[in-house]
Each structure stands twice: as C-alpha cells, then as structure tokens.
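Below: one structure, written as structure tokens.
The values are calculated or read from the model by the stated rules, or taken from the named source; none is laboratory data. Just so it is clear, the structure is predicted and the values come from calculations on it, not from any experiment. When we count neighbours, we look across all protein chains shown, and the Cβ atoms used for this are built from the backbone with ideal geometry, even at glycine.
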C-alpha cells in the first residue's frame with residue numbers, strides 16, 4: 001500500500017525565518033508525482049508545488065522549494081523568508097501515473113509568528 | 001484561470017431535507033472530484049468523474065448522490081443526512097484523470113442538524 005507520512009503535526013516559526021516541512025512516502029512504483037498543498041484557515045486549498053519523480057532537479061516556486069530525495073523517498077518543503085500569510089495547514093500528497101486518486105498525508109499545521 | 005467555484009458557501013440542513021451542492025470549472029478539465037474534509041484532517045475522496053462518467057465511488061452512502069450534467073458542472077445531491085455528515089465538502093478538478101494536479105474549490109461548509 002502506498003502511504004504518505006508527515007511526522008510534524010504542528011510547527012511554529014518567527015516571521016522571516018526559514019522553515020522545512022518533512023514528508024516521506026512509500027511506493028514500489030517508479031513513475032509518480034508529489035505535491036504540496038496549502039490550506040489557510042477557513043480558506044481554499046491551493047497547490048504550492050509539484051515534482052515529477054523522473055526529474056532530478058528540485059522544483060522551486062518563488063519562496064517555496066523542495067528537497068526531493070528519491071532513494072530515501074523523502075520530499076520536504078522549504079519556505080524561505082516566511083510571511084504571516086504562510087500560516088496554514090500543509091498537506092504532502094502523492095500520486096502514481098497509474099493511480100486514480102491522490103494520497104494525502106495527515107498534514108502539518110504551520111504557524112508564522114509576528 | 002485556475003478557478004473552481006462552489007455554491008453555497010455554507011449550508012445548514014435538517015436530517016429530512018434534500019439539498020444540492022454545486023461545483024463549476026471553466027478550465028476545460030475533464031476530471032472532477034468530490035471530497036469530504038473534517039477539521040484538521042486531510043480531504044477524503046468520495047467520487048471521481050472522468051469525461052462526465054462516474055469512475056470512482058469510494059463506498060459512499062447512498063444519501064450522497066453525485067451528478068455530472070456536463071464537463072464543467074458537478075453536483076452533489078444530499079438527502080436524509082446524519083449529523084456526522086457535517087463537514088467541509090470540497091470539489092476539485094484536474095486536466096485529466098491520472099497524473100495531473102488537482103485544483104480545489106473553496107468548499108461548502110455543511111452542518112446537519
């Protein structure tokens with residue numbers, strides 16, 4: 001069975017600091033896709049970043065970047081220069097090229113403190 | 001435009017009521033999804049439509065009835081719900097059925113009294 005594990009239920013960091021959210025997954029598939037979704041309090045879930053497993057280069061979107069370690073099955077999210085608006089629940093998610101659905105981790109609740 | 005819209009934003013209904021949730025996307029996506037989300041939990045998949053046909057039903061009780069009238073529109077009909085069905089109901093869409101990221105709507109907050 002394919003699983004996604006987020007080991008940090010909750011984190012708090014000061015504004016402007018850098019924070020890393022951990023995610024590990026388990027699969028026997030070779031072709032798959034990894035995502036980080038952000039869900040602010042009472043607001044819409046949005047896609048932060050996407051990584052294809054066949055790409056060695058780590059994906060980057062402005063202040064958000066990932067550290068994709070395929071052999072270790074690790075997919076962490078780094079948020080640089082954190083802002084108050086980054087306060088949200090972050091879900092790591094996984095999908096293979098053959099799957100019908102996305103598998104979500106349990107989420108990490110991130111608080112950015114002023 | 002990566003927008004998925006959902007109406008209503010909030011819904012309170014009694015256990016004997018019949019109501020419907022609506023979801024719309026105009027991105028040309030061919031797959032649409034219904035999720036149920038409880039507080040502080042990840043979304044749980046309920047239904048998947050691919051090219052307007054029901055592809056996945058995650059053993060959802062029959063009091064939830066999905067409908068996909070066309071490629072842009074997805075409905076969820078509700079009847080005889082239970083208080084434990086109170087949750088945030090999210091709609092999502094993706095370009096294709098597999099290997100594509102999903103774009104979520106803002107959700108409908110449902111309370112069953």
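In segment B:93-111, which residue that is buried (at least 19 other Cβ atoms within 10 Å of the Cβ) and assigned to a strand (DSSP E or B) is farthest from the other protein chains (Cβ to nearest Cβ)?
B:110
Take the residues in segment A:62-80 that are under 22 Å from residue A:3 (Cβ atoms) and free of Cβ contacts under 8 Å to residues at least 12 places away in the same chain, then tell me which one is surrounded by the fewest Cβ atoms within 10 Å (Cβ to Cβ).
A:71
Answer yes or no as to whether residue B:67 is without any contact (Cβ under 8 Å) to a residue 60 or more places away in the chain, within 11 Å of chain A (Cβ to nearest Cβ), touching a strand residue (DSSP E or B) at 6+ places or on another chain (Cβ under 8 Å) and surrounded by fewer than 17 Cβ atoms within 10 Å (Cβ to Cβ).
It is false that residue B:67 is without any contact (Cβ under 8 Å) to a residue 60 or more places away in the chain, within 11 Å of chain A (Cβ to nearest Cβ), touching a strand residue (DSSP E or B) at 6+ places or on another chain (Cβ under 8 Å) and surrounded by fewer than 17 Cβ atoms within 10 Å (Cβ to Cβ).
Looking at (1) exposed (fewer than 13 other Cβ atoms within 10 Å of the Cβ); (2) within 16 Å of residue B:112 (Cβ to Cβ), which one does residue B:51 not meet, given that it meets all the others?
It is condition (2) that residue B:51 fails.
Check residue A:110 against each of (1) in contact with a helix residue (DSSP H, G or I) (Cβ under 7 Å, 6 or more places away or on another chain); (2) more than 14 Å from chain B (Cβ to nearest Cβ) and name the one condition it does not meet.
The one condition residue A:110 does not meet is (2).
Just the residues that are part of a strand (DSSP E or B) and surrounded by fewer than 20 Cβ atoms within 10 Å (Cβ to Cβ), please, taken from segment A:36-47.
A:46, A:47
Please go through segment A:30-52 and give me each residue that is over 25 Å from residue B:91 (Cα atoms) and within 11 Å of chain B (Cβ to nearest Cβ), ordered by number.
Within segment A:30-52, A:31 is the sole residue that qualifies.
Take residue A:33 and decide whether it is within 29 Å of residue B:10 (Cα to Cα), in contact with a strand residue (DSSP E or B) (Cβ under 9 Å, 6 or more places away or on another chain) and surrounded by 20 or more Cβ atoms within 10 Å (Cβ to Cβ).
No; evaluated as a whole, the condition is false for this residue.
Name every residue in segment A:2-21 that is in contact with a strand residue (DSSP E or B) (Cβ under 7 Å, 6 or more places away or on another chain) and outside any strand (DSSP E or B), in order of residue number.
A:2, A:6, A:8, A:9, A:15, A:18, listed by residue number.
Only one of these is crowded, with 21+ Cβ neighbours inside 10 Å and more than 28 Å from residue A:94 (Cβ to Cβ): B:81, B:90, B:76. Name it.
That would be B:81, the only listed residue that is crowded, with 21+ Cβ neighbours inside 10 Å and more than 28 Å from residue A:94 (Cβ to Cβ).
Can you give me the number of residues within segment A:81-97 that are facing chain B (nearest Cβ under 7 Å) and at pLDDT below 95?
Selection size over segment A:81-97: 2.
Free of Cβ contacts under 8 Å to residues at least 60 places away in the same chain and either away from every other protein chain (no Cβ under 14 Å) or closer than 29 Å to residue B:3 by Cα (or both): does that describe residue A:55?
yes
Listed here are the residues, each with its yes/no results for (1) under 14 Å from residue B:105 (Cβ atoms); (2) in contact with a strand residue (DSSP E or B) (Cβ under 7 Å, 6 or more places away or on another chain); (3) at pLDDT 95 or above; (4) within 13 Å of chain A (Cβ to nearest Cβ).
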{"residue": "B:17", "(1), (2), (3), (4)": "no, no, no, no"}
{"residue": "B:26", "(1), (2), (3), (4)": "yes, no, no, no"}
{"residue": "B:36", "(1), (2), (3), (4)": "yes, yes, yes, yes"}
{"residue": "B:43", "(1), (2), (3), (4)": "yes, yes, yes, yes"}
